[in-house]
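Below: one structure, written as structure tokens.
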Amino acid sequence: MAGKIQNIEKADVFTYLNSRDEGLSAAEVEGRLAELGRNTLEAPRGLWWLSSLIRQFTNFFSILLMISAGICFVAHFLQPGESMNILGWALLGVSVLNALFSFVQEFRAERAMEELKKFLPQRVMAVRAGEEAEVAADQLVPGDIIVLREGDRVPADVRMVESRDLVVNNAPLTGESIPLSLTAEAVDKPLTESENLAFAGCAILRGSGRGVVFATGFRSQFGRIAMLSRDIKRTVSPLERETAHMVRVLTIIAVTMGLIFFAYGVATERSLWVNLVFMMGIIVANVPEGLLPTFTLSLAMGSLRMAKRNVLVKSLNAVEALGAVHVICTDKTGTLTMNRLSVTRIEAAGDAGADVLQTALAACDLDSVEDGWSGDPLDEAIAVAYQARGDDAQAVLDAQSARFPFDVEKRREAAVCELPGGTVFAVKGAWESIRPLLRAQEALLQASDAKVDALAAEGYRVIAVAGRRLAEGEVVQAQAAAEHDLELAGFLGLEDPLRPEVAGAVQQCHTAGIGTIMITGDHPITAEAIARQAGMIGADVEHGAATVTGAELSQYTEAQLVESLRSGVRVFARATPEQKMKIVNALHQMDRVVAVTGDGVNDAPALKAADVGIAMGRDGTDVAREAAQVVLLDDNFASIVAGIEEGRTIFANIQKFTNYVLVSNGPEILPYLLYMLFPVPLALTVIQILTIDLGTDIIPSMGLGQEKPDAQTMKEKPRSRNQGLLTLPLIAHSYGFLGLIEAAFSMSLFFWVLFAGGWQWGVELASNDTLYRSATGIALSSILLMQIGNLFGRRSRTGSGLDRRAFSNPLIVIGIVFEAVFSWAILYVPMVNTVLGTAPVDIQIYLVAWLGVPLIFGLDYLRKLVFRRFVY
């Protein structure tokens with residue numbers, strides 16, 4: 001039905017929709033409500049939050065930590081006094097903390113459907129059983145007759161049967177900023193371009209009229225977009241995918257090693273208690289318990305930095321996802337442009353000498369209001385331009401003696417106005433409608449034709465302005481009677497101007513290897529002109545070569561669309577919401593990380609389907625803001641570039657502190673391997689390992705997460721979609737190089753203290769033996785100190801990491817001080833000795849432990865120099 005409704009003659013609309021001029025009866029309304037349902041967009045209900053909460057506890061990391069905590073509690077029950085219950089509570093706390101962080105973010109982000117419902121009006125004037133009455137908007141049914149007036153928001157899709165100077169703004173639905181004058185006559189156009197239809201969610205700018213409802217709820221165009229938004233599942237962000245992969249890899253390694261050595265202990269007839277402790281130690285040493293909380297804190301702090309740059313992040317994973325973007329698909333209206341019509345070109349005709357702007361204003365239909373003007377946005381733009389040059393627009397409007405409102409069929413409007421020099425009949429409208437009314441030479445008409453074509457090719461909306469001076473005593477009672485022998489005053493070129501910062505932002509994107517694509521509901525000529533101004537299409541590209549219309553796109557297969565994208569298409573005009581999704585899906589097929597920007601209802605499905613949805617915060621709709629993961633608070637396209645720079649920096653910082661944290665796994669694992677394979681004491685207890693993972697490593701990791709962008713950040717190409725966080729080079733560097741250095745140095749000090757204290761190979765030491773506690777203390781203390789040298793090395797991939805900026809990062813400074821002080825407290829503060837099972841050593845040995853700082857830093861810097869010479 002909806003596909004033909006615009007073609008029906010006005011007289012046949014009531015019959016077609018099973019209605020009549022006096023409206024539906026109460027019984028008919030009730031029957032249709034029972035059959036078709038209410039005019040509402042109900043969000044799916046149920047305990048979705050509960051399933052979301054449960055899901056946070058079912059990932060690899062959480063399950064591993066909870067099982068490990070359970071084993072600790074069982075071990076404590078079997079053999080109290082070994083502090084295994086403290087370890088159990090620590091592991092359980094980490095699991096719960098991570099789950100709650102993730103749950104809170106998801107809970108705050110999933111409200112798009114509720115906002116869609118709020119976007120529609122609650123009450124509406126309807127005609128039922130011959131009487132006009134206010135009814136609830138959700139009670140409307142197909143066949144209902146409703147009354148629309150200036151300022152109303154349309155409650156359902158409506159076929160107009162009466163239109164009195166009715167103008168509607170379809171921008172929230174179609175993305176096209178040009179107001180549309182409505183008629184009641186039949187038209188032969190596509191549904192969303194028809195001048196006899198008003199769509200749910202759009203606003204009435206001027207006039208009044210009556211229409212018959214033909215689609216409600218999810219059957220309306222607005223509802224179809226809502227359905228698309230509801231059914232789309234958010235794509236997994238690059239960081240989510242990479243983090244999940246890293247957790248799985250580390251979990252599998254940890255559990256495999258734990259089970260293998262548990263079986264080895266059983267085979268060598270060690271006690272069950274020893275085997276359990278050993279298995280827990282291997283698992284705890286392999287899993288960096290503090291890494292995921294540090295991830296979350298780093299992303300949260302990154303989101304705060306972005307907010308200072310007017311980029312509000314609703315989903316923490318979107319913080320980093322911005323940095324992985326390969327392509328930005330942007331809407332035109334309100335995103336690249338300012339979403340307001342402006343008169344930016346005035347072309348006088350020949351040597352007529354007429355004041356084009358004044359003549360155009362004389363034909364405007366405007367009312368003065370407190371904050372400006374009320375009327376058609378085109379007329380408002382003319383008044384603003386007239387006042388901007390220092391003239392009084394209200395004086396011209398007050399001088400009007402007769403107005404002839406815009407006629408949809410004639411495509412022009414007129415007025416009689418007293419201007420300096422006499423009374424003028426002024427007309428403005430489409431050039432095609434005014435051309436036959438002119439008294440002009442053919443040469444002037446042909447030159448004007450060429451001028452109009454040239455302005456249109458540049459993306460302007462062209463308005464022709466004409467008039468004639470009335471004879472003394474001449475009275476104009478009908479518009480048609482005065483429309484003869486008009487003199488062409490000239491042309492106005494109106495446009496929704498490009499935001500001034502957009503061209504520079506697009507250039508920055510290209511420098512960073514990020515593609516930009518415009519997807520809009522606007523006319524292809526206008527869209528391409530804006531794309532060229534923004535620098536999205538090069539000057540050497542032929543007109544039309546980089547533009548595809550919605551009609552053409554509907555005929556494309558996915559393979560053809562992918563090929564067109566590869567060949568350089570950068571503008572998609574007259575695109576529908578479904579086609580925006582089709583483009584996003586094609587880019588995903590090309591393995592691109594896609595960001596979609598937009599501000600209208602029509603953008604919501606693509607915003608949700610993208611890897612990163614970016615909505616406008618100031619001029620955007622609630623629907624777009626709720627569907628997006630990122631909101632630009634200043635509606636500034638350039639803020640996206642700032643967000644991308646922050647995202648790239650955050651990913652680089654995550655790699656830095658991941659590398660930093662994994663290094664300490666080496667000296668944590670080696671003591672357990674030696675303990676199982678040789679008759680030596682265990683150099684680190686599980687509690688001491690957790691002291692590193694959940695204590696001393698956290699602050700330096702957060703400091704690395706706060707490092708500022710590098711000068712090369714926005715000059716490098718985006719990383720591959722498949723580039724992992726846990727790469728083989730990173731693992732080899734963490735475990736096979738720096739981890740071995742820390743392990744060898746800390747174990748050397750451990751055995752130095754043992755042998756200096758009289759220990760002999762193969763002799764068992766009790767856990768409360770002072771010699772054993774001193775040896776474990778120096779092993780733990782030396783690891784903390786070496787992490788200081790590791791911290792400086794991680795600040796730069798190729799440089800030393802020692803510069804003034806290191807000490808301008810307060811968390812880096814605090815982390816260094818904390819690790820240095822705590823390395824001393826481990827050995828010399830009695831309360832810490834009691835908690836961690838340590839004891840003092842000779843001060844000379846502790847000072848030797850400080851040599852680990854320049855040792856690990858120097859060896860790593862030597863590696864960088866070699867790689868810089870032969871690899872980079």
Exercise for review: Just name the residue that is nearest to residue 632 (Cα to Cα) out of those in the range 571-600 that are surrounded by 22 or more Cβ atoms within 10 Å (Cβ to Cβ) and of a type in the set (Lys, Arg).
Suggested key: 580
Review point. When the range 175-212 is examined, which residues are found to be modelled with pLDDT of 90 or more and not in a loop (DSSP other than H, G, I, E, B)?
Key: 197, 198, 209, 210, 211, 212
Revision key, fill the gap. Just one listed residue, out of 714, 747, is under 30 Å from residue 591 (Cα atoms), open to solvent by less than 60 Å² (accessible area, probe 1.4 Å) and assigned to a helix (DSSP H, G or I), and it is 714
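Looking only at the range 692-706, count how many residues are of a type in the set (S, T, N, Q) and within 12 Å of residue 780 (Cβ to Cβ).
Quick first cut of the range 692-706, residues of a type in the set (S, T, N, Q) only: 696, 701, 706.
With within 12 Å of residue 780 (Cβ to Cβ) added as a condition, the list becomes 696.
Qualifying residue count, the range 692-706: 1.
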Point to revise | Residues within the range 750-795 that are within 28 Å of residue 679 (Cβ to Cβ), charged (D, E, K, R) and surrounded by 15 or more Cβ atoms within 10 Å (Cβ to Cβ), tallied | key: 2
Study note, to complete from the structure: Taking the range 452-477 and keeping residues of a type outside the set (Asp, Glu), under 41 Å from the mean Cα position of the chain (by Cα) and open to solvent by 40 Å² or more (accessible area, probe 1.4 Å) leaves 454, 457, 461
Point to revise | Cβ-Cβ under 8 Å pairs, at least 6 apart or on other chains, the range 530-542 side over 16 Å from residue 455 (Cα atoms) and touching a residue at least 60 places away in the same chain (Cβ under 8 Å), far side assigned to a helix (DSSP H, G or I) and open to solvent by less than 80 Å² (accessible area, probe 1.4 Å) | key: 534/502; 534/503; 534/506
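Please tell me if residue 317 is in contact with a strand residue (DSSP E or B) (Cβ under 8 Å, 6 or more places away or on another chain) and over 23 Å from residue 179 (Cβ atoms). Before the answer, list the steps.
Numbers: in contact with a strand residue (DSSP E or B) (Cβ under 8 Å, 6 or more places away or on another chain): no; over 23 Å from residue 179 (Cβ atoms): yes.
The answer is no for residue 317.
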Exercise for review: Among what's in the range 724-744 and is under 32 Å from the mean Cα position of the chain (by Cα) and touching a residue at least 40 places away in the same chain (Cβ under 8 Å), pick the residue that is least open to solvent (accessible area, probe 1.4 Å).
Suggested key: 725
**Study point:** Residue within the range 659-673 that is surrounded by fewer than 22 Cβ atoms within 10 Å (Cβ to Cβ), farther than 18 Å from residue 739 by Cα and out of contact with any Leu (no Cβ under 8 Å at 6 or more places or on another chain) present
**Key:** no
Exercise for review: Would you check which residues across the range 796-833 are closer than 18 Å to residue 690 by Cα, among the β-branched types (Val, Ile, Thr) and open to solvent by less than 20 Å² (accessible area, probe 1.4 Å) and list them?
Suggested key: 826
Revision key, fill the gap. Among residues of the range 315-353 being surrounded by 21 or more Cβ atoms within 10 Å (Cβ to Cβ) and over 29 Å from the mean Cα position of the chain (by Cα), the residue modelled with the highest pLDDT is 343
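Assess whether residue 766 counts as being among the aliphatic types (A, V, I, L, M) and without any contact (Cβ under 8 Å) to a residue 12 or more places away in the chain.
When the stated conditions are applied, residue 766 passes them.
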Practice item. Using the structure shown, decide if residue 193 is over 32 Å from the mean Cα position of the chain (by Cα) and open to solvent by 10 Å² or more (accessible area, probe 1.4 Å). Key: no
Study note, to complete from the structure: For the range 688-711 the number of residues that are surrounded by fewer than 16 Cβ atoms within 10 Å (Cβ to Cβ) and aliphatic (A, V, I, L, M) is 1
Point to revise | Boolean, residue 504 is of a type in the set (Gly, Ala, Ser) and buried (at least 20 other Cβ atoms within 10 Å of the Cβ) | key: no
Revision key, fill the gap. Scanning the range 622-640 for residues that are buried (at least 24 other Cβ atoms within 10 Å of the Cβ) and more than 25 Å from residue 153 (Cβ to Cβ), the one modelled with the lowest pLDDT turns out to be 637
Point to revise | Breaking point among (1) modelled with pLDDT under 75; (2) part of a loop (DSSP other than H, G, I, E, B), for residue 51 | key: (2)
Review point. Is it true that residue 532 is modelled with pLDDT of 90 or more, farther than 30 Å from residue 720 by Cβ and not polar (S, T, N, Q)?
Key: yes
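Just to be sure before I move on: is residue 83 surrounded by fewer than 14 Cβ atoms within 10 Å (Cβ to Cβ) and either modelled with pLDDT under 75 or more than 15 Å from residue 273 (Cα to Cα) (or both) in the structure I sent?
On the way: surrounded by fewer than 14 Cβ atoms within 10 Å (Cβ to Cβ): no; either modelled with pLDDT under 75 or more than 15 Å from residue 273 (Cα to Cα) (or both): yes.
Answer is no for this residue.
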Revision key, fill the gap. Filter the range 356-373 for residues that are out of contact with any Gly (no Cβ under 9 Å at 6 or more places or on another chain) and open to solvent by 30 Å² or more (accessible area, probe 1.4 Å); the one that is farthest from residue 449 (Cα to Cα) is 370
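Tell me, which helices (runs of 4 or more DSSP H) lie completely within the range 585-697 with 3 or more residues that are closer than 24 Å to residue 319 by Cβ? Outline the logic, then answer.
On the way: elements: 604-609, 622-627, 637-663, 665-677, 686-691.
By residue number, 604-609, 622-627, 637-663.
Test residue 619 against the stated conditions and say whether it is charged (D, E, K, R) and at pLDDT below 85.
Details: charged (D, E, K, R): yes; at pLDDT below 85: yes.
So residue 619 passes the test.
Report the residue count in the range 846-858 for those that are open to solvent by 20 Å² or more (accessible area, probe 1.4 Å) and over 17 Å from residue 696 (Cα atoms).
The number of residues fulfilling the criteria is 7.
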Exercise for review: Name, by its number, the condition in (1) of a type in the set (Phe, Trp, Tyr); (2) free of Cβ contacts under 8 Å to residues at least 40 places away in the same chain; (3) closer than 24 Å to residue 819 by Cβ that does not hold for residue 678.
Suggested key: (3)
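The values are calculated or read from the model by the stated rules, or taken from the named source; none is laboratory data. Since this is a predicted model, take the numbers as computed values, not measurements. For neighbour counting, all protein chains shown are included, and Cβ atoms are generated from backbone atoms with ideal geometry for every residue, glycine included. These area figures cover heavy atoms from the full protein model, side chains too; ligands, DNA and RNA do not enter into them. Shrake-Rupley method; radii C 1.70, N 1.55, O 1.52, S 1.80 Å.
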